[in-house]
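Enquirer: Next up is a structure, given as structure tokens.
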Amino acid sequence: MSKTGKNYQASSIGDIQARGRVTLHRELSLTGSEVSINELPSGASVPFVHAHKRNEEVYIVVKGKGRFYVDGDEFEVEEGSVVRVDPAGARCITADSQSPVRYICIQTEAKSLVQFTEGDGVILENKPTWLKQAGA
């Protein structure tokens, strides 16, 4: 599925388990962030420790469990875990020996957010069919 409109792009990433890692920067023409969806098989690790020059990262574990490393600290992560790492933080992740770990990584320039939902969102009058049918 791929669809593009005036103010959006929609796509399907397919089988993440088969692909291992999908970055969405080009796929969706992102302009303010990089998003990747990643899956490490049981016992596998990202093969390097890395940091960034300007970008912080948020890791959201959506399936499985593993271990996370930041600046020498190691700790368990599992479905529902969320980790934010400063640009300079030395980071790495590994899957548990018994289960794969699937996670989303969102990368944005540190200290660049000037507003978020409450300050940026605008409620509009137009409605999708399901809201019209619900009488909302």
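The values are calculated or read from the model by the stated rules, or taken from the named source; none is laboratory data. Here the structure is a predicted model, which is why all the values come from computation and not from measurement. A quick note on method: Cβ atoms are made from the backbone with ideal geometry, for glycine too, and the neighbour counts reach across all protein chains shown.
Enquirer: Taking the range 112-136 as the search range and keeping residues that are of a type in the set (D, E, K, R) and exposed (fewer than 10 other Cβ atoms within 10 Å of the Cβ), which one is farthest from Glu57 (Cα to Cα)?
Expert: Glu125
The rows are residues; the columns are (1) over 30 Å from Thr4 (Cβ atoms); (2) at pLDDT below 95; (3) surrounded by fewer than 16 Cβ atoms within 10 Å (Cβ to Cβ).
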site	(1), (2), (3)
Leu30	no, yes, yes
Tyr59	no, no, no
Val77	yes, no, no
Val82	yes, no, yes
Ala95	yes, no, no
Tyr103	no, no, no
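Enquirer: Could you list all residues from the range 110-134 that are closer than 24 Å to Thr31 by Cβ and either in contact with a strand residue (DSSP E or B) (Cβ under 7 Å, 6 or more places away or on another chain) or of a type in the set (Gly, Ala, Ser) (or both)?
Expert: Scanning the range 110-134 gives Ala110, Ser112, Gly119, Gly121.
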